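Q: This is the structure I want to talk about, given as structure tokens.
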Amino acid sequence: MKTRNSILFLIVFLATFVSCKKEMIEQQTYTAIPSKAVVANSNSSMSLSVLIDKETEQLAISLAKALKDKEIRKIIKDEAMLQFDGDYDVLYTTLKDKKLNKGTNIDDLLFENFQSQTKGTRSSFEKTKENIKDLQFSVPVNCEKWNVEEQMPLVTYIPKNFDEKTTKYVRAFDSEGKVYLLSTQEEPEVPVVVIGTCERMEKEINLKNEEKQNKARFYIKCSKLQFPELSNIETWVQGGPEIRIGMKTNDDQVDVLKVYYFDRKDVKDNKWFYYTASFYRWDFTDLESTGFGVTEIDNGKPYEFTFGITFTPYPGISIPFTIKYTGKANDDNLGSDQLYTDNLGQQIDCGSQFKMYITY
């Protein structure tokens, strides 16, 4: 009898131990909720003012549910840390076919989640993804700090008609489908996964006289940059800023378009940061001018930007010329300025949102 009681005691003890251990393991995983996040209330004025994009939202909910799986969390972080485009972005085409230990792939798992919440078909799932050009998942802030063993981040998305100047909040979801509102102006202290369009697909182009420029004596460069208030032109949801600079000289030797991508960690409001970029080569023998027309890249339909520059070599003499290039309709026009050859150590102020220092 004593032996039987001992065996029963041992069984109960082991069952309790296993149960407690399992509970401890489960407690190690938690939803990483930003301290400033607000639980969405459908009747509040804050919730009613938030842009909603139903299609992309369904994809965000599906991904949030998938982040219960540590393997998926690790895959997304590992790919984002590669910074294939200079930011913590991952093109969906890179992720979708990655095999999971359970035998399925990421695309199939997301479809399962999508189907369970929307009753949608595979074709509607494919259509949802196709409607987001250059679909990407990104971890724009705190990617390095993401503890994939424990943290399940919220998932948000960039809705259609998103505008940095007017969109103050975005909707975000946890793995159980609970809805939160996140401020676009205050960076969260924990990682958040964002679904959106990759803005870093552009390359620089040289529009004129490339051969002549390659033989020119002077190499015009940028040595440092400043964004006085970054969130006005690129919120944390969108990651680091992307700048397009059109450069044209009054003598028509140079006509180039350059694209530069920045890591958000390097950019602090009203602080200069060192960034060396070689702009163009130029031969000049007299007082000449280069015009700069700057935009911050977002998305949208093709749109032509025009910047008027007035070169004044001497008092009473004005020579106008124009910088033109095609960007996107939602790009931010940061303004224009010019550089004179008698001052090649000069600060260029393109409006109030972007400054750079030029040397040679």
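Q: Report the residue count in segment 127-154 for those that are in contact with a helix residue (DSSP H, G or I) (Cβ under 9 Å, 6 or more places away or on another chain) and over 23 Å from LEU230 (Cβ atoms). Write out each step before concluding.
A: Quick first cut of segment 127-154, residues in contact with a helix residue (DSSP H, G or I) (Cβ under 9 Å, 6 or more places away or on another chain) only: 127-129, 131-132, 134-141, 143-144, 146, 148-154.
Right, trim to over 23 Å from LEU230 (Cβ atoms) and you get 127-129, 131-132, 135, 148-152.
Going through segment 127-154 one residue at a time, the tally reaches 11.
Q: When you scan segment 221-232, do you find a residue that is surrounded by fewer than 22 Cβ atoms within 10 Å (Cβ to Cβ), assigned to a loop (DSSP other than H, G, I, E, B) and out of contact with any helix residue (DSSP H, G or I) (no Cβ under 6 Å at 6 or more places or on another chain), even just one?
A: yes
Q: Right, next: For segment 269-287, what are the residues that are β-branched (Val, Ile, Thr) and part of a strand (DSSP E or B)? Show your work before the answer.
A: Initial filter on segment 269-287 (β-branched (Val, Ile, Thr)): 276, 285.
Correct list: THR276 only.
Q: Going by the conditions given, is LYS145 in the same structural domain as ALA60 (by TED's automatic domain parsing) and modelled with pLDDT under 95?
A: Answer is no for this residue.
Q: Can you name the condition, by its number, that TYR357 falls short on among (1) assigned to a loop (DSSP other than H, G, I, E, B); (2) under 27 Å from the mean Cα position of the chain (by Cα); (3) not aliphatic (A, V, I, L, M)?
A: That leaves (1) as the condition not met.
Q: While we're looking at this one, here's another question. Assess whether GLY86 counts as being loosely packed, with under 15 Cβ neighbours inside 10 Å and under 29 Å from GLN28 (Cα atoms).
A: No: the conditions fail for GLY86.
Q: Look through GLU112, GLU186 and report the one residue that is among the charged types (D, E, K, R), out of contact with any Gly (no Cβ under 8 Å at 6 or more places or on another chain) and touching a residue at least 40 places away in the same chain (Cβ under 8 Å). Even if it seems obvious, please write down each step before you answer.
A: Numbers: GLU112 fails: touching a residue at least 40 places away in the same chain (Cβ under 8 Å).
Of the residues listed, the single one that is among the charged types (D, E, K, R), out of contact with any Gly (no Cβ under 8 Å at 6 or more places or on another chain) and touching a residue at least 40 places away in the same chain (Cβ under 8 Å) is GLU186.
Q: Here is a list: ASP337, ASP349, ASP332. Which entry is in contact with an Asp or Glu (Cβ under 6 Å, 6 or more places away or on another chain), over 20 Å from THR249 (Cβ atoms) and modelled with pLDDT of 90 or more? Before you say what the answer is, go through the steps one by one.
A: Details: ASP337 fails: over 20 Å from THR249 (Cβ atoms); ASP349 fails: over 20 Å from THR249 (Cβ atoms).
None of the others qualify; the one that does is ASP332.
Q: Pairs please, first residue from segment 298-321 and among the aliphatic types (A, V, I, L, M), second anywhere and part of a strand (DSSP E or B), Cβ atoms under 6 Å, 6+ apart in sequence or on different chains.
A: Within 6 Å, the pairs are ILE309/GLY291; ILE309/PHE321; ILE309/GLN338; ILE319/PHE311.
Q: If you don't mind, there's one more thing I want to ask. Any idea which residue in segment 251-268 is surrounded by the most Cβ atoms within 10 Å (Cβ to Cβ), counting only those that are modelled with pLDDT of 90 or more and either in the same structural domain as VAL90 (by TED's automatic domain parsing) or part of a loop (DSSP other than H, G, I, E, B) (or both)?
A: Among those that are modelled with pLDDT of 90 or more and either in the same structural domain as VAL90 (by TED's automatic domain parsing) or part of a loop (DSSP other than H, G, I, E, B) (or both), it is PHE262.
Q: Give the residues of segment 294-319 that are part of a loop (DSSP other than H, G, I, E, B) and under 37 Å from the mean Cα position of the chain (by Cα), sorted by residue number. Talk me through it step by step, then tell me what you get.
A: Within segment 294-319, the subset part of a loop (DSSP other than H, G, I, E, B) is 297-301, 315-316.
Correct list: ILE297, ASP298, ASN299, GLY300, LYS301.
Q: Take GLY291 and tell me if it is modelled with pLDDT of 90 or more, within 30 Å of LYS160 (Cβ to Cβ) and assigned to a strand (DSSP E or B). Give the derivation first.
A: On the way: modelled with pLDDT of 90 or more: yes; within 30 Å of LYS160 (Cβ to Cβ): no; assigned to a strand (DSSP E or B): yes.
So GLY291 fails the test.
Q: Looking only at residues in segment 125-169 that are among the polar types (S, T, N, Q) and surrounded by fewer than 15 Cβ atoms within 10 Å (Cβ to Cβ), which one is nearest to the chain's Cα centre (by Cα)?
A: From segment 125-169, those among the polar types (S, T, N, Q) are 128, 131, 136, 138, 142, 147, 151, 156, 161, 166-167; that's our starting set.
Filter again for surrounded by fewer than 15 Cβ atoms within 10 Å (Cβ to Cβ), leaving 131, 147, 161, 166.
Numbers: ASN131: 18, ASN147: 21, ASN161: 16, THR166: 18 Å.
So the residue we want is ASN161.
Q: To continue, here is another question. Please find, among GLY345, GLY327, the residue that is loosely packed, with under 13 Cβ neighbours inside 10 Å and touching a strand residue (DSSP E or B) at 6+ places or on another chain (Cβ under 8 Å).
A: Numbers: GLY327 fails: loosely packed, with under 13 Cβ neighbours inside 10 Å.
Answer to the selection: GLY345.
Q: Here is a follow-up. Could you go through segment 45-53 and let me know if any residue there is modelled with pLDDT of 90 or more, assigned by TED's automatic domain parsing to the domain that holds VAL193 and polar (S, T, N, Q).
A: No: zero hits.
The values are calculated or read from the model by the stated rules, or taken from the named source; none is laboratory data. These numbers come from a predicted model, not from an experiment. So basically every Cβ, Gly included, is an ideal-geometry build from the backbone, and we count neighbours across all protein chains shown.
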